[in-house]
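A.B. asks: Questions regarding the structure given below will be posed in turn.
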Amino acid sequence: MRTHLSNPLTSVRNLGILAHVDAGKTTVTERMLYLAGATHKRGEVHDGTTVTDFDSQERDRGITIFAAAVSCAWDDHRINLIDTPGHVDFSDEVERSLRVLDGAIAVFDGVAGVEPQSESVWRLADRYGVPRIAFVNKLDRAGADLDAAVESIRRRLHKAPLVAQLPIGREDGFSGVLDLVRMRSLVWAADGGLRVGPVPDDLAAEAWRRRRVLEEAVAELHADALEEFCATREAPDGRAISDATLAAVLRDLTRTGEGVVVLCGSAYRNRGIEPLLDAVVAYLPSPLDVPPVRGERDGEEQERAADPAAPLAALVFKVSSTATGRLTYLRVYSGTMRKGDTVLDAGTRRAERVARILRVRADRHTEVDRAVAGDIVAVVGPKAARAGTTLCAPDAPLLLEPPNVAEPVVSVA
Ligand code: GDP
C-alpha cells in the first residue's frame, strides 16, 4: 500500500479562489502565478493582460466569468489553480468548479470584510466540503481593518477564525506581516523583495498576546493542542504550544473545517502572497487527504480511491474553445488517462478519444503522456464531453456523483 510519504500525490494541491467580485481574486491569482513561476509577465487587471482571463468577453467586462485551470509550482508542490467565477450570476459555474477542488482560498476585501456574495459562495463551499483558508486582502487601502474583517468572518460565516498573521503598519504604511505560527516578521520592500526576520521589539508584546489568543482558540477545538496547552501554559519562552504542533493543528482544523486560518496582505502591492502559497502547501489537503469519490455503476454506488492503478474515472468541469482547439478540462479522480486512450462517456456510453493531454500553464501548454488520479489537465480529442460529463474506463464504467457533498456544516465559534 502506498504511504503518504512516498506518493507524489501528497505534493498536489487542487485549489480554487473564492471571492466577492472586486475583492481581488484576479490580482491574488496573478501574483501567485507570477511568484510560482508560471508566468514571467506581471499582468495587471486594468490593461487586460491577466493570464487567467482567457476569454475576451471576460477581459471586456473585467470580471472573471469562465473557469480555467492553471498549474504552477511552489516549494516542490504542484498547485493546480482552478479559477472559480466570483460573480453571483454564474453560480452554476462556481458550483461546477467547486466539485473538482480539494481546497480553496477565500479572499476578502480588508475594508468591506465579508460581503453577501462571499457568504453565498462560502455556503456552496460548505456544501461541497471544501476546506478553506482566508486571505484578507487590500490591507493597504484606507479604512482596511483586519480585526473587523475577522469579526465579520466569525459573525457571518459562523466559523472560528484562527488569525495566523498580524499586519505591520496600517493602510498606506502597510509593509508586512507578523507570522504568529513561527513568530517572525515578513517585510516587503517597495520592489516586492521579501525580508524575513525576528519580531521587532516594538511589536513583540502585541505579537505574543495574539499568539496566545491563537493558541487558546486552537486548544478549544483540538485535543492535541489542548493537551500541550495545559501542560506548558507557563512556558518561559511565551509559547504554550510548540510551533510544530500549532502548524499541525491548524492543518487538521482546516481540513475538518472546524476553523479557518486567516492570513492577510495586499495583492496589489505584492505583500503576503509568499506566505499564502506556503499556507496552501501546509494547510490545504492533497487529493489523498479527501474522501474517495463516489459514483454509480449499474445502479450500485461505488467508491473510487485516488489511486493511479484503479480504473479510470474523470470528471469534466469545463470545455472551452481556444487556438489550441476544443479543450476539455477535467479532473482525474482514479486511475490513469493516457494519450491515445479511448474512454467512455459514462452518461451517454459514447466512446471518446484522448488525442492529447495538456498541462495548462499561464503562459503555455505543456503536453504530457498521462494524467493520474488527483491531476487536473485539459485534453484535446473528446467531441461531445461537456461540463459534468464523467469519462471512465470502458471496462469499468462509473458515473461520478458530485464529490464530498454534505449538508451545510454550521460550527459555532
Ligand atoms: P476580482 O474581481 O475579485 O477578481 O478583483 P480584482 O483582482 O480584479 O481587483 C479589483 C480591483 O481591486 C482592481 O482594481 C485591483 O487593482 C484592486 N486591488 C486588488 N488587490 C488590491 C490590493 O491589495 N490593494 C488595493 N488597494 N487594490 C487592490
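The values are calculated or read from the model by the stated rules, or taken from the named source; none is laboratory data. This structure is a prediction, so every number in the text was calculated from the model and none was measured. As a convention, Cβ positions derive from the backbone with ideal geometry for all residues, glycine included, and neighbour counts pool all protein chains shown.
A.B. asks: Would you confirm whether any residue within the stretch 186-199 is under 19 Å from THR254 (Cβ atoms) and modelled with pLDDT of 95 or more? Even if it seems obvious, please write down each step before you answer.
C.D. replies: Step one: list which residues in the stretch 186-199 are under 19 Å from THR254 (Cβ atoms), which gives none.
Within the stretch 186-199, none of the residues are under 19 Å from THR254 (Cβ atoms) and modelled with pLDDT of 95 or more.
A.B. asks: Of all the residues that make up the stretch 128-157, how many are on the phi > 0 side of the Ramachandran plot and of a type in the set (Ser, Thr, Tyr)?
C.D. replies: Counting residues in the stretch 128-157 that are on the phi > 0 side of the Ramachandran plot and of a type in the set (Ser, Thr, Tyr) gives 0.
A.B. asks: Which condition number does HIS4 fail, the rest of (1) within 16 Å of the ligand (Cβ to nearest atom); (2) at pLDDT below 90; (3) in contact with a helix residue (DSSP H, G or I) (Cβ under 6 Å, 6 or more places away or on another chain) being met?
C.D. replies: If we test HIS4 against (1) within 16 Å of the ligand (Cβ to nearest atom); (2) at pLDDT below 90; (3) in contact with a helix residue (DSSP H, G or I) (Cβ under 6 Å, 6 or more places away or on another chain), just (1) comes out false.
A.B. asks: Within the bounds of the stretch 89-101, is there any residue that is within 10 Å of the ligand (Cβ to nearest atom) and either at pLDDT 60 or above or surrounded by fewer than 21 Cβ atoms within 10 Å (Cβ to Cβ) (or both)?
C.D. replies: No, because not a single residue in the stretch 89-101 is within 10 Å of the ligand (Cβ to nearest atom) and either at pLDDT 60 or above or surrounded by fewer than 21 Cβ atoms within 10 Å (Cβ to Cβ) (or both).
A.B. asks: Being surrounded by fewer than 21 Cβ atoms within 10 Å (Cβ to Cβ) and in a helix (DSSP H, G or I) is the filter here; which residues of the stretch 239-252 pass it?
C.D. replies: Residues satisfying the conditions are ASP243, ALA244, THR245, ALA247, ALA248, ARG251, ASP252.
A.B. asks: When only residues in the stretch 126-146 that are outside any loop (DSSP other than H, G, I, E, B) and of a type in the set (A, V, I, L, M, F, W, C) count, which is farthest from the ligand (Cβ to nearest atom)?
C.D. replies: Only one residue fits best here, namely ILE133.
A.B. asks: If you don't mind, another one. Part of a helix (DSSP H, G or I), within 16 Å of the ligand (Cβ to nearest atom) and buried (at least 20 other Cβ atoms within 10 Å of the Cβ): is that true of ALA149 in this structure?
C.D. replies: yes
A.B. asks: Tell me whether the stretch 229-238 contains one or more residues that are surrounded by 18 or more Cβ atoms within 10 Å (Cβ to Cβ) and over 24 Å from GLY110 (Cα atoms).
C.D. replies: Within the stretch 229-238 (the criterion being surrounded by 18 or more Cβ atoms within 10 Å (Cβ to Cβ) and over 24 Å from GLY110 (Cα atoms)), the answer is yes, since at least one residue qualifies.
A.B. asks: Now a separate question. (1) basic (Lys, Arg); (2) at pLDDT 90 or above; (3) in contact with a strand residue (DSSP E or B) (Cβ under 6 Å, 6 or more places away or on another chain): which one isn't true of ARG156, the others all being true?
C.D. replies: (3)
A.B. asks: Follow-up. I need a count of the residues in the stretch 311-330 that are over 26 Å from the mean Cα position of the chain (by Cα) and among the hydrophobic types (A, V, I, L, M, F, W, C).
C.D. replies: 1
A.B. asks: Of the residues VAL121, VAL111, only one is β-branched (Val, Ile, Thr) and either part of a strand (DSSP E or B) or crowded, with 19+ Cβ neighbours inside 10 Å (or both); which?
C.D. replies: Going through VAL121, VAL111 in turn, the sole match is VAL121.
A.B. asks: Another question, then. Filtering the stretch 290-304 down to residues that are buried (at least 17 other Cβ atoms within 10 Å of the Cβ) and among the charged types (D, E, K, R), which residue is farthest from GLY257 (Cα to Cα)?
C.D. replies: Only one residue fits best here, namely ARG304.
A.B. asks: Looking for something in contact with a Phe, Trp or Tyr (Cβ under 8 Å, 6 or more places away or on another chain), among the hydrophobic types (A, V, I, L, M, F, W, C) and part of a helix (DSSP H, G or I) - is there at least one such residue anywhere in the stretch 153-163?
C.D. replies: Within the stretch 153-163, one or more residues are in contact with a Phe, Trp or Tyr (Cβ under 8 Å, 6 or more places away or on another chain), among the hydrophobic types (A, V, I, L, M, F, W, C) and part of a helix (DSSP H, G or I).
A.B. asks: Here's another thing I want to ask about it. Could you check VAL281 against (1) in contact with a His (Cβ under 8 Å, 6 or more places away or on another chain); (2) within 19 Å of ALA387 (Cβ to Cβ); (3) among the β-branched types (Val, Ile, Thr) and say which number it fails?
C.D. replies: If we test VAL281 against (1) in contact with a His (Cβ under 8 Å, 6 or more places away or on another chain); (2) within 19 Å of ALA387 (Cβ to Cβ); (3) among the β-branched types (Val, Ile, Thr), just (2) comes out false.
A.B. asks: While we're here: Within the bounds of the stretch 277-285, is there any residue that is hydroxyl-bearing (Ser, Thr, Tyr) and closer than 21 Å to VAL70 by Cα?
C.D. replies: Yes - at least one qualifying residue is present in the stretch 277-285.
A.B. asks: Sticking with this structure for a sec: Could you tell me whether the stretch 334-347 includes any residue that is at pLDDT below 95 and either assigned to a strand (DSSP E or B) or among the hydroxyl-bearing types (Ser, Thr, Tyr) (or both)?
C.D. replies: No: zero hits.
A.B. asks: For the stretch 253-330, which fully contained strands (runs of 3 or more DSSP E) count at least 1 residues that are closer than 24 Å to GLY129 by Cβ and among the acidic types (Asp, Glu)?
C.D. replies: 293-297, 300-304
A.B. asks: Kindly provide the set of residues from the stretch 228-276 that are within 19 Å of ARG210 (Cβ to Cβ), within 16 Å of the ligand (Cβ to nearest atom) and not charged (D, E, K, R), ordered by number.
C.D. replies: VAL262, LEU263, CYS264, GLY265, GLY272, PRO275, LEU276 - these are the residues of the stretch 228-276 that are within 19 Å of ARG210 (Cβ to Cβ), within 16 Å of the ligand (Cβ to nearest atom) and not charged (D, E, K, R).
A.B. asks: Still on this model: Tell me, yes or no, whether the stretch 383-396 has at least one residue that is modelled with pLDDT under 95, crowded, with 21+ Cβ neighbours inside 10 Å, on the phi < 0 side of the Ramachandran plot and aliphatic (A, V, I, L, M).
C.D. replies: yes
A.B. asks: To continue, here is another question. From the list ILE105, ILE65, pick out the single residue that is at pLDDT 85 or above and either out of contact with any strand residue (DSSP E or B) (no Cβ under 6 Å at 6 or more places or on another chain) or in a strand (DSSP E or B) (or both).
C.D. replies: Testing whether each residue is at pLDDT 85 or above and either out of contact with any strand residue (DSSP E or B) (no Cβ under 6 Å at 6 or more places or on another chain) or in a strand (DSSP E or B) (or both) leaves just ILE105.
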